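Encoded as structure tokens, the structure appears first; notes follow it.
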Amino acid sequence: MRFTDILIIGAGAAGLMCAFSAAQRGRSVMLIDHANKPGKKILMSGGGRCNFTNMYTEPSNFLSQNPHFCKSALARYTQWDFIELVGKHAVAYHEKKLGQLFCDNKSSDILGLLLSECEQAKVDLRMDTSVQTIAKVEGGYCLQTSAGPITCQSLVIATGGLSIPTLGATGFGYEVARQFGHQVLPTRAGLVPFTITDQLKALCTELSGTSVDCVASCNGQSFRENLLFTHRGLSGPAILQVSSFWQPGEAIEINLLPEHDAATWLREQQAERPNSELKTLLGEVFTKKMANLLAEQWFESRPMKQYTPAQLDELAERLAHWRLVPAGTEGYRTAEVTLGGVDTREVSSKTLESLKSPGLYFIGEVLDVSGHLGGFNFQWAWASGYAAAQFA
Ligand code: FDA
């Protein structure tokens, strides 16, 4: 029988941060994971460059049924703390846009720094280790694992959400939560592309690979970012952002002319260039292919002088308030996060300890806290991992 002060299950972003932060306090820490390598999502993230935090992180960047929950941990370990850690390891980075910090080189720079901190702090990291059973015992927990029985004072669940099962994602954390009397709020894929199956599918397929600046809106939330047409529907940052607020059957709205007031712009163009064709004008805002397709499929392209004021208003409405109902999302196969999860109303926001079972902690994505796109999800993993490490 092995004994450790703290046993952390899940060597992802939150688990690694929690492990070395607790070990630096002098606690003995064992970190186990069923995968063959730690931090696989970190390696995949940010297109291989890991968007590791966001300079403008605020509690309002997170979705949760309990919106105040994330505040305490985010305040205790901020984006500036992680940026300092990145600086300590001389990892080169840059702001891509909107406060999003990416590695100049590779995501492995971030994983490397976390593993180096774990090694220095003497974290006992064991991969290829799965958990069979967990029992509450006097003064802690006893686990049967593929590496034999392990007893610990504090047990930290850092097994993440359901997105990308091929990277090791499981519902294990939710099962543990239920075992110890916690509510698990319904989960669904977030930050995920939409699929389109109606008559718009042909347009999406034709324009596959085309990106356009837009404002995408859903359920009162709007994001100014790029939209990307794909052969199966819509993706790109603006779409991923609104996907987290979308419920099946609902419409989303897209403003394809975010730089202009569409009606005013069309009237000005009509006055200034009455003989120009609509598709020529649209070709100055969109790619030529997109302008031609919109002009063919949505409007009959004519010289601007031939449109009546009512028709111009209709054009403006279509361009600025394009409403469409996605068929669905690409699901956990490609989602960046899982919405929902362990109900935070039964977890201490200060310590991340279960209010149902002392000595049990939940950190990272397994909790019902999901960030917007842009480095916020990693910041939650760092902050919640650090907070639990101060108390576990
Ligand atoms: P995470 O999923 O990182 O780790 C969970 C660990 O638990 C895994 O190692 C897994 O193997 C292990 N595990 C699961 N079940 C287990 C079991 N039964 N037994 C033992 N171990 C088990 N965020 C961001 O801020 N910036 C970005 O650039 C990106 N990019 C990005 C790209 C892609 C493709 C994805 C899928 C996601 C992102 N994200 C992101 C989101 C981010 O990766 C995510 O929010 C964090 O990794 C969550 O950290 P956790 O440690 O909670 O879970």
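The values are calculated or read from the model by the stated rules, or taken from the named source; none is laboratory data. Bear in mind the structure is a predicted one, so any value in this text is a computation, not a measurement. Note: ideal-geometry Cβ built from the backbone for every residue, glycine included; neighbour counts use all protein chains shown. In case anyone asks, the SASA skips ligands and DNA or RNA and just uses the protein heavy atoms, side chains included. Shrake-Rupley method; radii C 1.70, N 1.55, O 1.52, S 1.80 Å.
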Exercise. Between the DSSP loop rule and a limit of at most 12 other Cβ atoms within 10 Å, which trypsin sites (Lys or Arg not before Pro) in the stretch 1-88 are left?
Worked result: none
Problem set entry | the chain, relative contact order [Cα under 8 Å, separation at least 6], % | 25
Problem set entry | Å² per residue, accessible surface of the chain at 1.4 Å | 42
For this session: Tell me the label-point distance for the pair E95, R333, using the 7 Å Cα-to-Cβ offset, in nm and rounded to one decimal.
Result: 3.8
Seminar exercise, completed: So the angle from the long Cα axis of helix 309-320 to the longest Cα principal axis of the chain, reported in degrees to the nearest 10, equals 20
For this session: Would you work out the charge dipole size for the chain about its Cα centre, treating the Cβ of every Lys and Arg as +1 and the Cβ of every Asp and Glu as -1, and quote it to the nearest 20 debye?
Result: 740
For this session: Please compute the net charge surrounding M304, taking Lys and Arg as +1 and Asp and Glu as -1 over other residues with Cβ under 12 Å from its Cβ.
Result: +2
For this session: Would you mind classifying the stretch 194-329 by shape? Square roots of the alpha carbon gyration tensor eigenvalues, ordered a ≥ b ≥ c; an a/c under 1.5 is rounded, otherwise it is prolate if a/b is larger than b/c and oblate if not.
Result: prolate
Exercise. Which links in K40/K88; K71/K96; K106/K356; K96/K288; K40/K288 stretch past 32 Å when you go from one Cα to the other?
Worked result: K106/K356; K40/K288
Seminar exercise, completed: Carbon plus sulfur, as percent of the 1.4 Å-probe accessible area of the stretch 194-329, comes to 46
Exercise. Tell me which aspartates and glutamates have Cα within less than 17 Å of K305's Cα, excluding those fewer than 8 residues away on the same chain?
Worked result: E268, E272, E277, D313, E314
Seminar exercise, completed: Cross-link reach from K201 to aspartates and glutamates, straight Cα distance under 19 Å and at least 8 residues apart if same chain, gives E250, E253, E296, E330
For this session: Using a cut-off of 9 Å between beta-carbons, work out the net charge of the residues near L185 (Lys and Arg +1, Asp and Glu -1, L185 not included).
Result: -2
For this session: Can you tell me what the convex hull of the Cα atoms of the chain projects to on average, as an area in nm²?
Result: 19.8
Problem set entry | Spatially proximal aspartates and glutamates relative to K136 (Cα-Cα < 16 Å; intrachain offsets below 8 disregarded) | D5, E175, E353
Exercise. Any idea how far the Cα center of the stretch 100-126 sits from the one of the stretch 33-53, in Å?
Worked result: 10
Exercise. How high is the FRET efficiency from S108 to E317, r the C-beta distance, R0 51 Å, rounded to 0.05?
Worked result: 0.60
For this session: For every helix of n ≥ 4 consecutive DSSP H residues, a contribution of -39,500 (n - 2.57) applies; sum these over the chain, divide by its total residues, and give [θ] at 222 nm rounded to the nearest 500 deg cm²/dmol.
Result: -8500 deg cm²/dmol
Problem set entry | Extension gain (nm, one decimal) between T287 and T170, 0.36 nm per residue minus Cα-Cα | 38.0 nm
Problem set entry | Residues D81 and S130, FRET efficiency given R0 of 41 Å [Cβ-Cβ distance, rounded to 0.05] | 0.80
For this session: Sticking with the crude label model, points 7 Å out along Cα→Cβ, report the distance from K122 to N66 in nm, one decimal please.
Result: 3.6
Problem set entry | Counted charge near S108, where neighbours are those whose Cβ lies closer than 14 Å (Asp, Glu -1; Lys, Arg +1) | +3
Problem set entry | Theoretical gain in end-to-end length, A310 to D261 [0.36 nm per residue, Cα-Cα removed] | 16.1 nm
Problem set entry | Dipole in debye (nearest 20) - the stretch 194-329, about Cα centre, beta carbon charges: Lys, Arg +1; Asp, Glu -1 | 300
